[in-house]
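Report on the structure given below.
Here, each number is a calculation from the coordinates, and none is a lab measurement. Being a predicted model, the structure only gives us computed values, none of them experimental. Note that we place each Cβ from the backbone using ideal geometry, even for glycine, and neighbour counts take in every protein chain shown.
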Amino acid sequence: MTSRTITRPDDTIQRIVVVGAGLGGLRTVERLRHRGYQGQIVLLGGERHLPYDRPPLSKQMLRAEVEPFWLRPGNDFSALDVTVRIDDPAVELDVERGVIVTRGGEVAYDAAVIATGAVPRRVPGVGGLVLRTLEDAGQLRASLAPGCRLGVIGAGLIGCEVAASARAIGAEVAVIDVLAGPLIRVVGPKVAGLVAELHAERGVTLHLGTGITGVSGRRLTLQDGTEHEFDVVLEAIGAAPDTAWLAGSAIELDDGVDCDADGRAAPNVYAVGDAARWGGRRSEHWTNAGQQADHVAAVILEQERPAADVAYWWSDQYDIKLQGLGQPGADDDVEVVRWGPKSRPVAVYSAGGRLTGVVGFSAAGAVMRLRADIAAGADVNEILDRLAS
């Protein structure tokens with residue numbers, strides 16, 4: 001992001017258009033109303049559903065344990081006094097005219113918030129299933145059955161969660177990744193080894209550090225020369241920001257909508273969530289979308305910005321809830337301790353002797369109490385002593 005400063009040319013904000021009816025878009029609407037905004041709000045959604053929660057798609061919904069998790073109880077939007085237009089995706093943003101062009105027409109804005117999220121990345125030539133929408137989850141669930149052979153390409157959060165859910169259904173699961181360990185970009189190699197053990201103990205076959213060199217139907221040939229036949233193949237190699245509709249606009253794109261530290265992408269245009277890159281960093285974590293939504297609402301209304309919160313993520317795999325706080329660097333030191341009566345693994349990350357993050361395996365009592373310590377950069381030895389006591 002360049003060091004430019006973007007200011008609003010017009011202090012009259014009578015209509016705010018939020019593009020994207022997912023978590024980030026809905027939370028933006030909610031925070032605007034909570035902060036006292038009385039003007040008109042239009043919420044545009046590209047899917048044919050009202051806003052729903054995506055994390056359950058790879059877990060409870062895939063196991064057919066629950067119906068969709070709607071983000072507003074009873075799908076009641078009356079208290080928000082918002083015009084919701086679903087199944088009407090944005091196709092263009094005209095900054096000069098202050099207009100969002102959708103498949104169904106145009107809507108003018110005084111301020112616009114881009115919250116279009118992300119779309120699954122694909123492995124060339126594979127043609128497998130992906131998991132991002134309700135329809136994707138339904139298709140994947142219908143394809144799984146006890147004894148079914150599932151190949152998961154990608155050992156990130158989605159790949160690992162789907163592997164765990166598929167094993168609960170009774171499928172035979174293999175996970176393939178070019179990297180050396182599952183979740184390695186999030187947790188680093190030492191903790192990735194623990195995640196690998198978790199899946200191997202549950203019967204998942206791991207093909208790590210190897211890519212795909214050939215595809216014939218559902219038969220995959222790997223770099224190590226082995227061939228594997230599957231009934232179902234899931235591509236879970238990550239997601240790309242959903243910004244193709246902004247091509248040719250005045251919005252700068254660089255692995256997402258390029259924003260300043262307040263989420264501004266252009267005069268009167270902001271971005272939050274998976275599609276947004278704030279200060280050179282893009283985050284796809286669930287909690288990030290809500291935090292950015294509140295920040296942008298404050299900026300639009302010229303109110304005090306909320307204090308920055310410590311980054312948080314979680315993942316449910318088998319009977320284990322992984323929880324992480326902070327944003328440790330790739331070169332940070334990592335110490336794994338055993339915490340509590342069940343000796344749960346807790347990974348403590350530090351740089352220069354200062355605490356930068358923590359990841360726990362069903363160890364919420366250890367992880368969540370360290371939020372303030374991470375924010376303060378506490379002495380890591382004091383934290384390790386505390387966890388050991």
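Figures for the structure shown
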item: DSSP bridge orientation in the chain - percent antiparallel, rounded to nearest 5; result: 60
item: Shape category assigned to the stretch 236-331 from the gyration tensor of Cα positions, a/c cut at 1.5; result: oblate
item: Per-residue Cβ neighbour rank within 10 angstrom, fewest leading, V359, V66; result: V66, V359
item: On Cα atoms only, tilt of 23-34 relative to the major axis of the chain in degrees; result: 40
item: Point-charge dipole on Cβ atoms (K/R +1, D/E -1) for the chain, about Cα centre, debye to 20; result: 640
item: Order of D294, D254 under a 10 Å beta carbon neighbour criterion, fewest first; result: D254, D294
item: Backbone HN-Hα couplings from phi across the stretch 211-222 [Karplus 6.51/-1.76/1.60, Hz, Gly and Pro as x]; result: x, 9, 10, x, 9, 9, x, 9, 9, 10, 9, 9
item: Cα gyration tensor shape for the chain, rounded if a/c is under 1.5, else prolate or oblate; result: oblate
item: Cα shape, the stretch 193-293, gyration tensor, a/c 1.5 rule; result: prolate
item: Modelled FRET efficiency - R0 51 Å, D76 with D231, Cβ distances, 0.05 increments; result: 0.80
item: D309-V95 FRET efficiency (beta carbon distance; Förster radius 41 Å; 0.05 resolution); result: 0.85
item: Integer Hz, Karplus 6.51/-1.76/1.60 couplings in order for the stretch 140-152, x for Gly and Pro; result: 5, 4, 5, 8, 9, 7, x, x, 5, 9, 10, x, 10
item: Loop-located trypsin sites (Lys or Arg not before Pro) in the stretch 99-163 whose Cβ has at most 12 other Cβ within 10 Å (DSSP); result: R103
item: Between 0 and 90°, nearest 10: helix 286-300 axis offset from the chain longest Cα axis; result: 20
item: DSSP bridge orientation in the stretch 124-235 - percent antiparallel, rounded to nearest 5; result: 35
item: C-alpha long axis of helix 184-201 to longest principal axis of the chain, angle in °; result: 50
item: Neighbour-count order for Y270, Y318, fewest beta carbons within 10 angstrom listed first; result: Y318, Y270
item: Other-chain or far-sequence residues with amide H under 5 Å of V233's (modelled H); result: L129, G151
item: Lysines with Cα under 23 Å of K190, excluding same-chain neighbours fewer than 8 positions away; result: K321, K342
item: Cleavage-rule hits, GluC sites (Glu not before Pro), the stretch 91-160, DSSP coil, Cβ neighbours within 10 Å at most 11; result: E96
item: Sites matching GluC sites (Glu not before Pro) across the stretch 268-309 that sit in DSSP coil, with at most 16 neighbouring C-beta atoms within 10 Å; result: E302, E304
item: Electrostatic dipole magnitude of the stretch 124-235 [Cβ: Lys, Arg +1; Asp, Glu -1; Cα centre; debye, to 20]; result: 140
